[in-house]
Amino acid sequence: MNPRIWHIATNTFREAVRDRVLYNLIAFALLMSGAAVLVGQISIGIERLVVINLGLTAVSLFGIVIAIFIGIGLVSKEIEKRTLYTVLSRPVRRWEFVAGKFFGLSGTLIVNTFFMAIGVFVALLYVSHSFKHADAGILVALYFIILQFLIITALALLFSSFSSPLLSAIFAFALFLIGTFAEDLRGFARLTHGIARWLATGAAYLVPNFSALNVISQVAHDNPVSRQLIAYNTVYALAYTVAVLSATAMIFERRNLK
Amino acid sequence: MHAIEILGLEKTYNIGFWRKRPKRALHPLNLAIEDGEIFGFLGPNGAGKTTTLKMLMGLVFPSAGSARILGMDLHDPRMKAQIGFLPEQPYFYDYLTARELLRYYGQLSGVDSRQLSSKVEEVLEKVGLRDSMNVQLRKFSKGMLQRAGIAQAILHDPKVVFLDEPMSGLDPMGRREVRTLIEELKRDGKTVFFSTHILSDAEALCDRVAVINLGQLRGVGAVADLTSGVKGKVEIVWQGSAVPAAIKSSGAETHIAGETTRAVIPEQDQDAAIDALRRERLRLISVTPVRASLEDYFMAQLKPSAEEVVPR
Amino acid sequence: MIRKRNVALPAAAILVASFAASALLLWRIDRLRSNAAVEDALYVTSPKLLKRLSLGYEGLLADIYWTRAVQYYGAMHHSGGGDYKLLWPLLNIASQLDPHLTRVYEFGGPFLSTNPPNGAGLPQRGVELVEFGIQENPDNWHLYYDLGFIHYDLKDYNAAAEAFLRGSKLPNANPVLRVLAARMAEHGGDVETARMMWTATFETSSDKDVRQNALDHLRALKADYDVTELERLVEVYKKNFKVFPTTFEDMVVAGLLKGIPADPTGHAYKLEPGGKVLVSNPDDLPFVQKGVPPGYVPKHVVIDRP
């Protein structure tokens with residue numbers, strides 16, 4: 001990788017870690033252990049279901065919150081603190097800065113998710129006392145969640161490059177919500193006619209498709225995820241992320257940093 | 001070759017809710033800064049100094065005009081590797097130590113990784129932060145941050161160094177240290193371009209200055225040349241406490257201290273005053289020119305001319 | 001500034017290309033997962049839990065599940081029918097999330113109780129759903145009507161009569177309920193009853209599709225009646241003249257008809273040799289049962305009740 005992008009990425013990672021973002025893991029660990037123990041006590045035959053559903057949903061939500069709250073500050077904080085000026089007065093191109101920030105935050109989230117995954121599996125082991133073959137599905141679900149993180153990080157970065165932190169947070173969160181119901185939005189588009197149909201369809205394609213990336217219930221019920229879906233989702237997430245990052249680079253390239 | 005060439009650089013912002021109202025932050029500016037000189041860019045707050053610097057750093061895009069640094073275009077990465085920049089009141093990354101900060105900047109500037117550690121230590125020593133090398137920046141005082149800022153600006157041995165208000169927020173000792181550093185930079189053959197509104201610093205350090213106000217250049221030149229043009233004053237001291245009518249009527253300031261009187265009069269009235277004293281038989285003790293200061297020149301340039309009245 | 005242009009152009013190109021790729025993939029993912037969104041209905045083992053999890057937004061969630069139900073039904077119906085396996089879970093969740101969403105009962109009930117290919121063929125569930133709706137919305141007389149209609153469709157005229165009667169007792173009930181209750185008991189299977197039912201549906205509903213559907217049913221009933229009557233007159237002609245009439249003109253001349261008869265869509269009926277009367281274009285008269293040529297299959301799968 002381009003050395004400047006790498007250094008910016010590692011610096012972003014270091015900043016996030018020292019800003020105590022990883023402390024969220026403590027909260028997560030508490031949640032998972034609490035749930036595992038409680039569920040183990042009640043023992044109504046759905047321990048696996050609860051642990052997987054709760055665990056994966058928590059991984060997803062914690063991560064989205066981190067992605068948004070750190071993401072929205074990635075550019076605006078550097079401008080506010082004027083650290084950006086000293087970076088850009090060096091032979092660093094603006095798009096390299098965007099890329100570095102993206103990789104830094106994504107890396108942080110992947111590391112965070114890795115630790116959380118361990119937590120989920122430990123809790124699962126505790127309630128089930130063994131692993132099943134179907135547990136591989138959990139890995140797929142986690143992989144999809146990471147793809148979601150990539151998309152949300154790119155979006156938060158996009159908004160951060162031209163908007164205030166508050167607005168960025170609102171936009172990013174709104175897109176996350178709408179994206180979760182993206183399939184319904186497309187279904188709704190199919191039911192309408194005329195202008196409404198065009199608008200709804202356009203919106204449905206612009207909005208990130210998080211519904212296809214959410215296989216938590218499916219995996220909790222031991223239903224496998226098709227390989228085709230894995231392949232398609234991977235390419236989709238990468239294409240969408242690249243699109244958003246290009247837009248960010250374009251906007252940032254022309255921005256006057258007053 | 002000039003170190004810095006500014007050719008008609010200008011910036012107009014559009015402000016207001018619909019972004020329709022033009023606000024001229026900088027009128028077309030033409031300047032040439034020589035290799036190896038310390039150049040001061042003077043002006044009150046809001047004069048356009050920071051806007052100019054930001055345009056030179058590629059942070060703000062000019063509305064018109066161009067500039068070249070070391071003969072290269074403003075966006076040329078080769079040029080950027082040879083310049084250093086200290087922004088106004090920098091803050092830096094809270095959770096990094098001074099050493100980590102400089103390593104980061106060094107890496108971004110393309111400093112050879114083998115030499116990086118030694119260069120970082122060297123420059124920290126130079127700015128007097130060696131003892132705080134491993135302290136996190138959020139614990140730094142304002143003066144220490146300023147010094148860290150200078151450190152990152154010179155770490156990669158740039159040929160041209162740009163400093164925006166380098167003395168701001170420093171106590172007199174800090175200011176003296178920074179002054180010494182700037183003089184050292186010149187000795188090392190670097191060109192220094194710094195903006196300030198503190199005239200005494202500029203007077204002490206600069207080879208040449210430019211005065212800017214309300215986005216317009218008001219004057220450029222060597223300090224000595226600029227101040228010589230301003231009509232100076234002379235101080236006359238004589239025995240006794242009587243003030244000759246001629247001197248009093250010229251409106252000069254007079255101070256009576258014990259047995260002597262001192263008056264400061266315009267240079268051109270000097271001969272008339274000495275005659276007046278002789279007529280009244282007052283014994284002349286001394287006649288000393290009071291050297292015009294840069295401040296006099298500065299204040300003279302700042303008087304707005306008719307065309308500058310900004311329409312609301 | 002030369003360098004600036006250098007980034008904008010490739011960035012724009014990448015933006016367009018990658019976005020196009022993402023849109024294409026989205027389309028393919030969609031086709032892959034056409035039922036996936038609705039399938040998660042199978043995983044909701046407890047609608048009550050879902051309600052609590054929705055943190056107060058259960059109304060919105062109910063709307064989403066209802067929309068999914070409609071799409072699911074529409075898609076399956078359009079492709080020629082299926083097992084409608086997910087229909088009950090979807091409707092159940094929607095009604096549990098928002099018991100006051102009356103459309104769920106009004107349309108969902110018939111969707112469930114009608115036999116395939118027009119419905120899930122689960123009459124018990126249909127009745128269960130509408131009864132739940134009545135329980136949660138006791139002042140809504142129309143729900144009793146919907147319940148009655150389901151029973152009527154299943155030819156359980158007594159149950160239908162009972163439902164109409166219950167509804168007629170509500171202070172704001174439409175008087176037609178009482179009339180239908182009385183009618184149902186004795187003449188449940190009559191054509192006249194059917195005509196009254198469909199007229200009542202037409203008049204009490206404000207939904208465009210429902211009214212159109214009722215109109216279509218009424219027209220079909222009229223056509224059925226016309227064909228029956230015309231064939232009876234043909235028999236009379238045959239009895240008198242020993243041969244079948246060749247055209248309707250013959251019957252006019254014989255004084256049996258006043259003019260060339262036309263169906264409710266305005267097209268003339270056709271008289272076949274052998275005395276059969278046919279509707280000239282059966283596709284214009286969905287639901288018509290008489291007067292269709294042998295081996296006729298409706299052009300499109302018809303929705304019996306939207």
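Comparing Cα centroids, the stretch A:221-247 and the stretch C:150-197 end up 55 angstrom apart. Residues A:133, C:187, sorted by accessible area with the largest first, give A:133, C:187 [1.4 Å probe; ligands and nucleic acids excluded].
Would you please name the trypsin sites (Lys or Arg not before Pro) within the stretch C:190-250 that are DSSP coil residues with at most 16 other C-beta atoms within 10 Å of their C-beta?
Listed in order of number, the matching sites are C:242.
Separation of the stretch B:212-285 and the stretch B:16-33, taken as the distance between their Cα centroids, equals 41 angstrom. Of the DSSP H helices in chain A, those with a Cα length along their own long axis of 30 Å or more and a mean Kyte-Doolittle hydropathy reaching 0.5 comprise A:47-71, A:94-128, A:136-160, A:227-253. Over chain C, DSSP H runs of length four or greater, each weighted -39,500 (n - 2.57), average out per residue to a 222 nm ellipticity of -20500 deg cm²/dmol. Dipole size of the protein assembly as shown about its Cα centre, with +1 on Lys/Arg Cβ and -1 on Asp/Glu Cβ: approximately 1700 debye, rounded to the nearest 20. With the Kirkwood sum run over all distinct C-alpha pairs, the stretch B:245-306 has a hydrodynamic radius of 13.7 Å. List the longest stretch of chain B that has no exposed loop site; here a site is one of the GluC sites (Glu not before Pro) assigned by DSSP to anything other than H, G, I, E or B, with at most 13 other Cβ within 10 Å. Answer - B:35-258. Taking a virtual spin label 7 Å from the Cα of residue A:131 along the C-beta vector, which residues in the stretch A:17-58 bring their backbone nitrogen under 13 Å of it? No residues fall inside that zone. With distances taken between every two different alpha-carbon atoms, chain C has a Kirkwood hydrodynamic radius of 23.0 Å.
Summed over the residues of chain B and divided among them, the accessible surface reaches 48 Å² per residue at a probe radius of 1.4 Å. With a threshold of 25 Å on the Cα-Cα distance, the over-threshold entries among A:258/B:23; C:48/C:155; B:126/B:186; B:11/B:142; B:49/B:142; B:49/B:80 are C:48/C:155; B:11/B:142.
Between A:244, B:298, A:25, the Cα set farthest toward the positive side of the dipole of the protein assembly as shown (charges on each charged residue's Cβ, about the Cα centre) is that of B:298.
May I ask you to derive the relative contact order of chain C, considering only C-alpha pairs under 8 Å and at least 6 residues apart, and to give it as an integer percent?
RCO, chain C: 10 percent.
The residue list C:172, C:50, B:135 was ranked by how far each Cα lies along the charge dipole of the protein assembly as shown toward its positive end, using unit charges on Cβ atoms, and B:135 comes out on top.
Filter the trypsin sites (Lys or Arg not before Pro) in the stretch A:127-202 to those in DSSP coil with at most 15 other Cβ atoms within 10 Å of their Cβ, and list the result. Answer in residue order: A:132.
Relative to the longest principal axis of chain B, what angle (0 to 90°, nearest 10) does the C-alpha long axis of helix B:113-126 take? The angle comes out near 20 degrees.
Projecting the Cα positions of A:49, B:151, A:98 onto the charge dipole of the protein assembly as shown (unit charges on Cβ atoms of Lys, Arg, Asp and Glu, taken about the Cα centre) puts B:151 furthest along the positive direction.
Phi-derived couplings, Karplus 6.51 cos²θ - 1.76 cosθ + 1.60 at θ = phi - 60°, listed residue by residue for the stretch C:140-153: 8, 5, 4, 5, 5, 4, 4, 4, x, 5, 4, 4, 4, 4 Hz, with x used for Gly and Pro.
Distances between every pair of Cα atoms in chain B, grouped in 10 Å steps from 0 to the bin holding the largest one, split as 6, 22, 25, 20, 13, 9, 4, 1 percent.
Please identify every one of the trypsin sites (Lys or Arg not before Pro) in the stretch A:3-90 that sits in a loop by DSSP and has no more than 12 other beta carbons within 10 Å of its own beta carbon.
Filter output for the stretch A:3-90: A:20.
Here the stretch B:75-197 is assigned +1 on the Cβ of each Lys and Arg and -1 on the Cβ of each Asp and Glu. Its dipole about the Cα centre then comes out at about 80 debye.
Each eigenvalue of the Cα gyration tensor of the stretch A:3-253, multiplied by 5 and square-rooted, gives one semi-axis; in descending order these are 33, 25, 15 Å. Taking 0.36 nm per residue of separation and subtracting the Cα-Cα distance, full extension of the segment from residue B:130 to residue B:176 would add 14.7 nm.
Each Lys and Arg Cβ is given +1 and each Asp and Glu Cβ -1; about its Cα centre, the stretch A:150-258 then shows a dipole of about 340 debye. On the principal axes of its alpha-carbon atoms, the protein assembly as shown has extents of 162, 72, 53 Å, going from largest to smallest. Here is the interface size for C with A: some 3000 Å² of accessible area buried, both sides summed, with a 1.4 Å probe.
What is the average number of partner chain Cβ atoms found within 10 Å of a Cβ in A:231-241?
Values: counts 1, 8, 3, 1, 6, 8, 2, 4, 10, 7, 2.
Mean inter-chain Cβ contacts per residue within 10 Å come to 5.
With a 1.4 Å probe and all protein chains in place, put A:255, C:33 in order of accessible area, largest first.
A:255, C:33
Just the number, please: Stokes-Einstein D of the stretch B:63-148 in µm²/s, Kirkwood Rh from C-alpha pairs, 10 °C, 1.306 mPa s. Walk me through the numbers before you get to the answer.
Numbers: Rh = 14.4 Å.
For these conditions, the coefficient is 110 µm²/s.
Normalising by residue count, the stretch C:174-306 has a Cα convex hull of 133 Å³ per residue. Distance from the alpha carbon centroid of the stretch A:138-155 to that of the stretch B:108-131 works out to 39 angstrom. Relative to the longest principal axis of the Cα atoms of chain C, the long axis of helix C:191-204 makes an angle of roughly 40 degrees.
The values are calculated or read from the model by the stated rules, or taken from the named source; none is laboratory data. Just so it is clear, the structure is predicted and the values come from calculations on it, not from any experiment. For neighbour counting, all protein chains shown are included, and Cβ atoms are generated from backbone atoms with ideal geometry for every residue, glycine included. Keep in mind that these areas ignore ligands, DNA and RNA; they rest on the heavy atoms of the full protein, side chains included. Shrake-Rupley method; radii C 1.70, N 1.55, O 1.52, S 1.80 Å.
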